[in-house]
Amino acid sequence: MARPIVRWGAALGFGALWWWAVLRLALAPDAGVLEAGVAAGGWGLSLLPVHCVPKARAVGAVDPRRWARAWRAGRTGRVAAAATTASPRRRSDAGSMPW
């Protein structure tokens, strides 16, 4: 029960501090670097993504073991069959014009 209370208290405290800095910057002629730093820092935090989930739970995330298998296959020389499904490269004498 204490965790949500602490989180809400911290959020409200930091929110009040940010609003104090913004209002002081807007209204007080003697506002300085401290207020500007607090206001810019709070605005920068608002740009962080808040809808993040762990990679294991993300929809469409690639399993990290897949990358490890591909890396090991590349180091042992089995690259063509194990790590890639790319098209074969064109020969240099194949030409590039359609006629």
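The values are calculated or read from the model by the stated rules, or taken from the named source; none is laboratory data. Predicted model only: the values in this text are computed from it and were never measured. So basically every Cβ, Gly included, is an ideal-geometry build from the backbone, and we count neighbours across all protein chains shown.
Assorted remarks:
- Counting only helices (runs of 4 or more DSSP H) that sit completely within the chain, those holding 1 or more residues that are modelled with pLDDT of 80 or more correspond to 2-27, 33-46, 64-76.
- Taking first residues from the range 12-26 that are closer than 16 Å to Leu45 by Cα and partners that are small (Gly, Ala, Ser) and part of a helix (DSSP H, G or I), the Cβ contacts under 7 Å between residues at least 6 apart in sequence or on separate chains come to Trp18/Ala39; Trp18/Gly42; Ala21/Ala39; Val22/Ala39.
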